[in-house]
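Undergrad: Before anything else, here's the structure in question.
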Amino acid sequence: MEGEIFGQEYWDTTAGLTVMQQFRDEKYLPPCFRLLGMRAVEAREGTMTMAMAASGWLCNGFGVVYSGAVAYLADAAITLAAGTTVPAATAFSTIDLKLYLLRPVLPADGELIAHATVAHRGRTMAIATCQITGPDGALVAQAAGSVLILPGRNWQRPVQVADEITSESGRVLTTILFTDIVGSTQRAAELGDERWGQLLAEHHAIVREQIRRFRGREVDTAGDGFLIAFDGAARAVRCAMAVREHLRRIGLEVRSGVHAGECEESGGKLVGIAVHIGARVLGIAEAGEVLVSSTVRDLVAGSVIEFDDRGNHTLKGIAGRWHLYAARAA
């Protein structure tokens, strides 16, 4: 094995962006990068571009590059993109990766290029998306993943994710879906208490069936609305669209707001700024609209969901301006 091991002093004194920029120098490449013909192309804060040779050595028996090799490239780009955002003396490790393979990769004289961008950076979690193009420039894969960030964590032992989740770092990436019946007060007045109660019960049954179908978790319900948690952004958006279509069959119109961010459990409830952002997004949504934050849109890249731009908005009590999109099926 060529090269040398960088000790704890190096990690304690070198910022993440500097480390990632040094990967452009061959002497800093780890053995696995050398083995697969990988190199760093560019590193900037919040982004990382990696290249991997489209070599026949990476092909399976059918003559195409193994999907596992493509996944490794995506994982490296996403992990190192998160690494560009951390200070010195900070460990980090991928905890999940979702890869969409769009077309087979044939061996060629050229490289696969993976460009990863951090979509969200919290205290102990970053989420990033990645696009991979082939030697001909065509998009061959898209990926999304989350990276656990551990400030002050010693690099001399491997990161065991389960052992690192403590009261300080127990926040997890969650996609929040809020739903709300449009004009519920007026409908209740028109129908009367008994008929409205029956319709509301039917509404609850439909929503809960879609929660089960898309593997969500009901967190709370307040009369005519639901708060639902998902561990996947695409399933949250698809659930919202399915709820909308099923409720229209019984004459109810709903609106939905979706956001993804770090949350934690407290007394059986979800807490965190991500929950407040999701509620504010719901408040802006129009009747029949599934409105999502730009974080959600980035996370579902490669799915069959398309989006219409709804522009930048100010969310009450939330700093900055937020770019929102209306989801629709492709």
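The values are calculated or read from the model by the stated rules, or taken from the named source; none is laboratory data. Predicted model, so just to flag it, every value in this text is computed and none were measured. When we count neighbours, we look across all protein chains shown, and the Cβ atoms used for this are built from the backbone with ideal geometry, even at glycine. Just the protein is used for accessible areas: all its heavy atoms, side chains included, with ligands, DNA and RNA removed. Shrake-Rupley method; radii C 1.70, N 1.55, O 1.52, S 1.80 Å.
Undergrad: Rounded if a/c is under 1.5, else prolate if a/b beats b/c, else oblate: with a ≥ b ≥ c from the C-alpha gyration tensor eigenvalues square-rooted, which is the stretch 42-162? Please list the in-between numbers first.
TA: Values: a/c = 2.35, a/b = 1.98, b/c = 1.19.
In terms of gyration-tensor shape, prolate.
Undergrad: Something else: Going from most exposed to least, what order do Arg249, Arg39 have by accessible area with a 1.4 Å probe?
TA: The residues order as Arg249, Arg39, largest area first.
Undergrad: Okay, moving on. Can you list the aspartates and glutamates whose alpha carbon sits under 16 Å from that of Lys269, skipping same-chain ones fewer than 8 residues off?
TA: Within reach: Glu218, Asp220, Asp231.
Undergrad: Follow-up question, since we're still on this one. Net charge near His204, counting Lys/Arg +1 and Asp/Glu -1 over other residues with Cβ under 14 Å of its Cβ?
TA: Combined, the nearby Lys, Arg, Asp and Glu give -4.
Undergrad: Using DSSP, restrict attention to beta bridges with both residues in the chain and report what percent are antiparallel, rounded to the nearest 5.
TA: 95 percent
Undergrad: Using only the Cα atoms of the stretch 207-276, build the gyration tensor, take square roots of its eigenvalues as a ≥ b ≥ c, and label the shape rounded, prolate or oblate: rounded if a/c is under 1.5, else prolate if a/b is larger than b/c, else oblate.
TA: prolate
Undergrad: Counting heavy atoms of the protein chains only and a 1.4 Å probe, report the per residue accessible area for the chain as a whole number of Å².
TA: It amounts to 48 Å² per residue over the chain.
Undergrad: In the stretch 176-267, what percent of the accessible surface is made up of carbon and sulfur (1.4 Å probe, ligands and nucleic acids excluded)? Could the numbers behind the result be given before it?
TA: Working: 1900 of 4140 Å².
Taking all protein chains in place, the stretch 176-267 shows 46 percent carbon and sulfur surface.
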